[in-house]
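Engineer: Let me begin by handing over the structure; questions about it come next.
The values are calculated or read from the model by the stated rules, or taken from the named source; none is laboratory data. All of these numbers come straight from a predicted model, not from anything done at the bench. Here the Cβ positions follow ideal geometry from the backbone for every residue, glycine too, while neighbour counts run over all protein chains shown. Accessible surface areas use protein heavy atoms only, side chains included; no ligands, DNA or RNA. Shrake-Rupley method; radii C 1.70, N 1.55, O 1.52, S 1.80 Å.
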Amino acid sequence: MPLFAQGQTIEGTVMGDNGKVVEFANVVQVDTSMHYIAGTTTSSDGTFSLANQGGGGYLVISYVGMLADTIRLTKTLPHPLRVVLKSKSAELDEVIVKDRHSLFKNENDVIIANVQNTLLAKSGSLDNLMNQIPFVSGGSGEYNVFGRDGAVIYLNNNKVYDANILKTVNSDRVKRVEVITNPGSRYSSDVKAVIKIFTVDNPNGLGGNAYSSTTIGRKLSNSEGGSLVYNSGKWQLTGGMGHANYKNREYTEDRTSIMSEPTKLYTNTTTLNYDMRFWDSNFGVTYQPSVKQTLGFNTRLTQYKHNHTIDDASIDHYTDGVNDFHADVENKSKNVPTQWLTNIFYTLSVGKTRFDFTDDILVGTQRREFFYGEQNDVDVSTKSKSHYLMNSFVADINTPLSNKVSLNYGGEFTYSRYKQTFGFDENNINTEMLSAANKNEQVLGGAYANLNASMGKFSVNAGLRYEYVSWQYFVGNSKQKSKSRDYHDFLPSLNISYRSNSVTNVSVGYRQTMRRPNYGELNDNVEYQSRYYYVQGNSTLDYAYTNSINVLASYKNLRFIGSCDFVHGDIAMRRSLLGASNDIVLSQATNLSNYVRWSAGVNWWQHFGFYTPYIEFGAGGQTFSYTYMDAPYHFNHPYVNFKVHHTFELKNHLSIMLFVDYYGKNSSLFREVTEQWSTQLSLSKSIKSWFIQLSVNNALCPRSRTSATLCDWINDVSYSNRDNWNVFLLVSYAFNSKQKKHFANTKTNEVRRF
């Protein structure tokens, strides 16, 4: 009796006789004359799925260095198949293959970095690796894509909500990195770029890693942690813990000038001591009863403790150049956020359709305390507490309509609640603050669809996302109808790619995104910073919308990226005078007028024996104007950035890297920032399962940095002498590195608003 009929799907797993799955094994259907009909290859977990074309014949499974297996399709066999290939040791004797992998390639709007078994695997920390991927920059688990701002990070298709979990990932554990420069409608409405990180896989038994890093700058910082993965048949258990103790010292001076008559000048000179401690623990269980189903959960508990003090602080106030106030000041701040996030997921394949269901449950608290004290018993202290929760359900469905056309569709339902109380005490001083209690509640419902099609050398991805949001604002228990509102938004996306040959690719895309205000911004609390400086939220903040045109192109080892953003209602902290005061500055969140932002960049790399250079150049700017001293002021000076990276691969798994990065003077809305340099000289070595890296950072770079904010009649300038010179040592150990079995592709982005 035939096992397979035409239209059904042949599925199974390919294993080696050593018990490990075989990745990239060839699975081919042939007719009775052994003529090719259809074929595929196995995935990273050894599984395959092939649409049966009918007509009987055979299924041939093969892999280099292993004996091929031929299965007659009219024979009664288990379903799904489990194929074990035996090694052909004779063919492997004294065979040495050496080759240079292509580090990067473009596929439509995606930049793919091949890391495993390349020089990128010797980068050391994940930060070093990410800064060598075209048009990616950043650090501490938060990365930007040039012209696209901050990217959403996925680790093995599991969305990263806390960047600290990426500290357990070193470059030698990474298999590949994918940078999506024009995300489709399946992603949340505020996502402008996506970075997916995939680690190497060893499916059976126990695996894990541990790391420890030390940074010596003006102060000593350290972090350590580890994780374990245990696979046993259909089950997987995962767990990990991490800890960080981050300290530094920074010298600052703020000079705030009020240009009206009489002129006012407020100066604040400080020595800031930062002290942050972080704890993290996680646990997960995954059950995979068949190649068609996966279910499980992950839970993670994180806590931060920020204790910052300001030493040697003094404030001065001048009126028409005359010093009319001076005080020595003591400042202390404490911030303790705690989050518990649990994710439940289930994946199912029915015929050709794949269903992916995820549910995120978030519970969190945050305590913030601030103390400001002057001599003569003048002091102010503020306290705020917030409690929040979120539940988000996302369904993502994929249905192939033909070999060249597929449909991706789904929806999201998210409920969020954020409650905050604010109080203060003041002694021998009168402030403009008021005690308050407020609450935000939001219901978000969304639906989306993406159509993917290949037509010869062209590929098209067209999508539409609809989101309905009902947002309610409460003061105490009283709903504020004038500030509560509903939103109905249709957000389109389109990407067209053309590949003329194997080395040339051009992709042009359009996407509309929007930014929702963070919950911490959606209140009217006035918070004290100093005698002459206050900060306030804004419960009337509206959404900000951006229409982006994106370009990505490549030719061999040369890449180009470009974008043009049309921004409406962007959110920024605007400076103005507080109430009827003529010398107290208020920094308040507000929506701004429309403007245009543009960027263009080029990247090139090449192997020259043991030496590999990497060069990147970028330019950009904005066409933004704002009122300063009762006249339009144009913040449109273009900026220039570049990276020059050198990697030397020496013998005995030793490598030397020299990075030089430059970020030119630039404007971000009405804030202007001076140029910045960054350098790194590092030495890396692999010793079996150990990896060691020693780096000297910013040894020749200036510590100083200046930013100026120009609003109304206020010139607010900040000078900073940073703690950016340091020596960094990383030691990590990994055994049987394993990939977590979680195949979710999309999740809500609402967590980032808390």
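Engineer: Of the residues that sit in the range 126-183 and are at positive phi and among the polar types (S, T, N, Q), which one is most open to solvent (accessible area, probe 1.4 Å)?
Structural biologist: Ser140
Engineer: Follow-up question, since we're still on this one. Of all residues being at pLDDT 80 or above and of a type outside the set (Val, Ile, Thr) in the range 25-42, which is surrounded by the fewest Cβ atoms within 10 Å (Cβ to Cβ)? Just the residue, please.
Structural biologist: Looking at the filtered set, the residue picked out is Asn26.
Engineer: With respect to Asp524, is the statement that it is open to solvent by 50 Å² or more (accessible area, probe 1.4 Å), within 29 Å of Ile549 (Cα to Cα) and either modelled with pLDDT of 90 or more or outside any strand (DSSP E or B) (or both) true?
Structural biologist: In short, no.
Engineer: Right, next: Any residue in the range 635-646 that's among the polar types (S, T, N, Q): show its pairings with residues that are outside any strand (DSSP E or B) at Cβ separation under 7 Å, as long as the two are six or more apart or on different chains.
Structural biologist: Here the result reads Asn641/Gly664, each pair linking the range 635-646 to a residue that is outside any strand (DSSP E or B).
Engineer: On to the next question. Could you list all residues from the range 585-623 that are open to solvent by less than 50 Å² (accessible area, probe 1.4 Å), among the hydrophobic types (A, V, I, L, M, F, W, C) and at pLDDT 95 or above?
Structural biologist: Answer for the range 585-623, where residues must be open to solvent by less than 50 Å² (accessible area, probe 1.4 Å), among the hydrophobic types (A, V, I, L, M, F, W, C) and at pLDDT 95 or above: Val596, Ala600, Ala619.
Engineer: Also: Can you confirm whether the range 269-292 contains a residue that is under 25 Å from Asn715 (Cβ atoms), out of contact with any helix residue (DSSP H, G or I) (no Cβ under 9 Å at 6 or more places or on another chain) and open to solvent by 30 Å² or more (accessible area, probe 1.4 Å)?
Structural biologist: Yes: the range 269-292 contains one or more residues that are under 25 Å from Asn715 (Cβ atoms), out of contact with any helix residue (DSSP H, G or I) (no Cβ under 9 Å at 6 or more places or on another chain) and open to solvent by 30 Å² or more (accessible area, probe 1.4 Å).
Engineer: May I ask you to verify whether Arg255 is in a loop (DSSP other than H, G, I, E, B), of a type outside the set (Phe, Trp, Tyr) and under 30 Å from Asp311 (Cα atoms)?
Structural biologist: Here the answer is no, as Arg255 does not meet what is asked.
Engineer: Picking from His326, His317, which residue would you name as being free of Cβ contacts under 8 Å to residues at least 40 places away in the same chain, of a type outside the set (A, V, I, L, M, F, W, C) and either in a strand (DSSP E or B) or surrounded by fewer than 18 Cβ atoms within 10 Å (Cβ to Cβ) (or both)? Even if it seems obvious, please write down each step before you answer.
Structural biologist: Working: His317 fails: free of Cβ contacts under 8 Å to residues at least 40 places away in the same chain.
Exactly one residue qualifies, and that residue is His326.
Engineer: Only residues in the range 114-132 that are free of Cβ contacts under 8 Å to residues at least 24 places away in the same chain count as the first member; pair them with residues that are in a loop (DSSP other than H, G, I, E, B), Cβ under 6 angstrom, at least 6 apart or cross-chain, and list the lot.
Structural biologist: Thr118/His101; Thr118/Leu103
Engineer: Can you tell me which residue in the range 369-402 is farthest from Ser484 (Cα to Cα), limited to those that are open to solvent by 50 Å² or more (accessible area, probe 1.4 Å) and of a type in the set (D, E, K, R)?
Structural biologist: Asp377
Engineer: Between a first residue in the range 562-584 that is closer than 30 Å to Gly620 by Cβ and acidic (Asp, Glu) and a second residue that is in a loop (DSSP other than H, G, I, E, B) and open to solvent by less than 30 Å² (accessible area, probe 1.4 Å), which pairs have beta carbons less than 6 Å apart while being 6 or more apart in sequence or on different chains?
Structural biologist: Asp570/Leu592
Engineer: Can you tell me which residues in the range 557-575 are in contact with a Leu (Cβ under 9 Å, 6 or more places away or on another chain) and open to solvent by less than 20 Å² (accessible area, probe 1.4 Å)?
Structural biologist: Arg559, Ile561, Gly562, Val567, Gly569, Ile571, Ala572
Engineer: Among the candidates Tyr639, Tyr626, Tyr614, Tyr633, single out the residue that is within 27 Å of the chain's Cα centre (by Cα) and farther than 30 Å from Ser684 by Cα.
Structural biologist: Exactly one residue qualifies, and that residue is Tyr639.
Engineer: Hey, another quick one. Filter the range 709-725 down to residues that are open to solvent by 30 Å² or more (accessible area, probe 1.4 Å) and in a strand (DSSP E or B) and give me whichever is farthest from Phe624 (Cα to Cα).
Structural biologist: Asn721
Engineer: Would you call Arg186 open to solvent by 30 Å² or more (accessible area, probe 1.4 Å) and closer than 25 Å to Ser686 by Cα?
Structural biologist: Against the criterion (open to solvent by 30 Å² or more (accessible area, probe 1.4 Å) and closer than 25 Å to Ser686 by Cα), Arg186 does not qualify.
Engineer: Any idea which of Lys219, Lys192 is open to solvent by 30 Å² or more (accessible area, probe 1.4 Å), touching a residue at least 40 places away in the same chain (Cβ under 8 Å) and more than 23 Å from the chain's Cα centre (by Cα)?
Structural biologist: Working: Lys192 fails: more than 23 Å from the chain's Cα centre (by Cα).
Step by step, each of Lys219, Lys192 is checked, and only Lys219 is open to solvent by 30 Å² or more (accessible area, probe 1.4 Å), touching a residue at least 40 places away in the same chain (Cβ under 8 Å) and more than 23 Å from the chain's Cα centre (by Cα).
Engineer: What are the residue pairs meeting all of these: first residue in the range 408-423, first residue within 12 Å of Gly476 (Cα to Cα), second residue open to solvent by 20 Å² or more (accessible area, probe 1.4 Å), Cβ atoms under 6 Å, and 6 or more apart or on different chains?
Structural biologist: Lys419/His387; Lys419/Lys439; Thr421/Lys385; Thr421/Ala437; Phe422/Ala436
Engineer: I've got another one for you. Looking at the range 250-268, which of its residues are under 24 Å from Asp312 (Cα atoms) and open to solvent by 40 Å² or more (accessible area, probe 1.4 Å)?
Structural biologist: Those that are under 24 Å from Asp312 (Cα atoms) and open to solvent by 40 Å² or more (accessible area, probe 1.4 Å): Tyr251, Glu253, Asp254, Arg255.
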